[in-house]
Amino acid sequence: MSASEIRLSDRLRTLPGYPLAEVPAIKRRLLEAGVDVIDLGAGDNDTPPPTVALDALADALHDPAYSKYGFQQGLPQFRKAASNWIERRFGVRFDPTTELLPLIGSKEGLSHLPFAVANPGDVTIVPEPGYQAYLGGSILAGAEPYIAALEAEHDFLLKFDRIPASVLQRAKVAFVNYPNNPTAAVAPLDYLAEAVAACRKYGIVLAYDNAYCELTFDDYKAPSIFEIPGARDVAVEFFSLSKSYSMTGWRLGFAAGRPELIGALTRIKTYVDTGPFLAVQKAGAAALEHSEALVAPIRTELTRRRDAAAVALEAAGFTVQRPKAAMYFWIPLPAGVESARFARQALEQQGVVVLPGSAFGPAGEGFFRIALTVGAERLREAAERLGSVLTTTRQEAGSLAAAP
Ligand SMILES: Cc1ncc(COP(=O)(O)O)c(C=O)c1O
């Protein structure tokens with residue numbers, strides 16, 4: 001068979017382009033040309049992983065037992081640490097053996113969930129703008145994503161009461177993510193209660209993505225979906241060690257939920273992976289056991305960055321809202337300024353990597369996202385550079401609008 005005869009699947013062709021896919025190549029070209037690039041693209045913090053995790057990993061690497069297959073059971077110590085952390089943090093208890101599941105990063109679990117709960121043709125409810133793994137997992141499982149726009153006028157909340165009943169009746173899973181990527185919105189408890197009620201009414205699995213629960217500012221404390229009475233009947237919650245402990249590349253997260261749902265996801269995973277590296281699970285257990293001490297300095301640094309970025313972005317001409325959580329600013333662009341064009345100019349003319357809102361789906365148009373992944377001084381520099389791009393693009397949009 002020659003290369004020209006290879007026919008790829010319809011599911012693959014249906015996947016939209018992945019938002020970060022082309023950035024590394026452009027960035028490399030600019031760096032080679034000597035450009036001082038400031039990368040505010042991926043949500044990948046520059047703070048190092050915690051020493052307790054490094055030490056635990058180093059120990060485990062010298063013990064051949066940790067080099068074996070982990071399978072889905074994984075390391076009991078990690079399951080226990082995850083269960084204890086959830087109980088300390090949210091006051092709810094999950095059985096380490098039957099109600100928790102180690103994941104190779106939460107993305108892996110989120111994208112595999114539709115295989116466990118949706119048949120081909122069933123609907124999945126996917127927020128837009130949103131983390132693209134929800135859409136990808138839905139399409140690859142043959143489900144039909146229903147795109148729910150997150151709108152500024154509804155505080156970027158996924159409003160179940162705005163989804164037609166005919167869609168809710170066909171839906172098998174809804175992805176809900178607060179603190180939110182990319183909008184940095186947070187969800188009040190009464191909203192979460194509405195979401196749980198809707199999912200219970202229509203028999204929808206509520207996939208609650210809490211990847212950013214520890215990155216919170218000021219006095220805000222992000223809740224678990226399981227703080228809502230009745231949530232256990234319908235919800236699976238996804239946690240990540242990536243953002244809380246600067247362990248993005250280590251690939252470790254976990255899911256919590258009732259045994260039937262955790263069992264179903266376990267069964268899917270049995271056929272596609274063999275669980276996270278046991279040594280990484282040992283390191284993850286150490287991080288979770290010391291969670292409170294580890295996240296405090298990360299929060300302090302992110303708060304410093306958030307405040308510096310807010311002042312600098314406003315001075316540069318942007319309208320910003322100080323986020324209460326997550327590590328992003330979701331910044332509106334003036335009418336007529338296309339987000340992809342703005343992001344490309346920011347990168348090519350000013351060496352600043354930002355993500356265009358449209359990369360998170362068409363409903364993200366009119367915004368761009370920056371991640372607080374560099375220190376306050378670099379954020380100030382980036383804001384100034386983005387301000388010049390804003391001036392240019394505004395002038396261009398103005399002259400285009402004025403053209404006959
Ligand atoms: C909303 C959201 N969920 C999940 C993830 C995945 O995190 P990980 O797979 O590293 O645990 C990310 C990563 O950026 C995210 O933004």
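Taking label positions 7 Å along the Cα-Cβ direction at both K159 and L54, the computed distance is 4.8 nm, reported to one decimal. Mind pulling the angle between the C-alpha long axis of helix 278-289 and the longest principal axis of the chain? Nearest 10 degrees, somewhere in 0 to 90. Helix 278-289 and the main axis of the chain meet at about 80 degrees.
Using Cα pairs under 8 angstrom and six or more residues apart, how large is the relative contact order of the chain, in percent?
Details: 777 pairs, mean separation 93.6, N = 404.
RCO, the chain: 23 percent.
Per residue, the chain exposes 43 Å² of accessible surface when a 1.4 Å probe is rolled over the protein heavy atoms with every protein chain present. With both labels modelled 7 Å from their Cα along Cα-to-Cβ, the D233 to E377 distance reads 5.7 nm. Coordinate range of the alpha-carbon atoms in the stretch 286-365 per principal axis, descending: 48, 28, 23 Å. One decimal place: the segment A340-K68 gains 93.4 nm when fully extended, by the rule 0.36 nm per residue minus the C-alpha distance. Counting heavy atoms of the protein chains alone, V311 has an accessible area of about 90 Å² for a 1.4 Å probe.
Scanning residues 5 or more positions from L333 or on other chains, those with amide H under 5 Å from its amide H are F367, F368, with H placed 1.01 Å from N in the peptide plane. Using every Cα-Cα pair within the stretch 334-404, state what percent have a distance larger than 15 Å. Taking all Cα-Cα pairs of the stretch 334-404, the fraction more than 15 Å apart is 54 percent.
Close amide H contacts of V236 (hydrogens built in the peptide plane, cut-off under 5 Å, sequence separation of 5 or more or a different chain): L206, A207, Y208. Anisotropy class assigned to the stretch 232-348 is prolate, per the alpha carbon gyration tensor with a/c at or over the 1.5 cut-off and a/b larger than b/c.
Tell me whether the stretch 331-370 comes out rounded, prolate or oblate; compute the Cα gyration tensor, take square roots of the eigenvalues as a ≥ b ≥ c, and use a/c under 1.5 as the rounded threshold.
Working: a/c = 2.04, a/b = 1.54, b/c = 1.32.
Prolate.
Were the residues from T303 through L12 laid out at 0.36 nm apart, the gain over their Cα-Cα distance would be 100.8 nm.
For the chain, what % of the accessible area comes from carbon and sulfur atoms, probe 1.4 Å? List each step's numbers first, then the result.
Values: 9500 of 17410 Å².
Carbon and sulfur: 55 percent of the exposed surface of the chain.
Backbone phi angles across the stretch 128-141, fed through the Karplus curve with coefficients 6.51, -1.76 and 1.60 (θ = phi - 60°), yield HN-Hα couplings of 9, x, x, 5, 6, 5, 5, 5, x, x, 5, 5, 5, 7 Hz in residue order; Gly and Pro are listed as x.
Which entries of K107/K172; K221/K243; K80/K172; K68/K269; K80/K159; K107/K201 have Cα-Cα distances beyond 25 Å here?
On the way: K107/K172 19 Å; K221/K243 16 Å; K80/K172 30 Å; K68/K269 17 Å; K80/K159 35 Å; K107/K201 27 Å.
Pairs exceeding the cut-off: K80/K172; K80/K159; K107/K201.
K324: which aspartates and glutamates have alpha carbons under 16 Å from its alpha carbon, excluding same-chain residues fewer than 8 sequence positions away? Counting by Cα, and skipping residues close in sequence, K324 has these aspartates and glutamates nearby: D155, E214, D218, D219, E301, D307. Using the empirical formula 2.2 N^0.38 Å as the baseline, the Cα radius of gyration of the chain reaches a ratio of 1.00.
The values are calculated or read from the model by the stated rules, or taken from the named source; none is laboratory data. This structure is a prediction, so every number in the text was calculated from the model and none was measured. A quick note on method: Cβ atoms are made from the backbone with ideal geometry, for glycine too, and the neighbour counts reach across all protein chains shown. Only protein heavy atoms, including side chains, enter the accessible area calculation; ligands, DNA and RNA are left aside. Shrake-Rupley method; radii C 1.70, N 1.55, O 1.52, S 1.80 Å.
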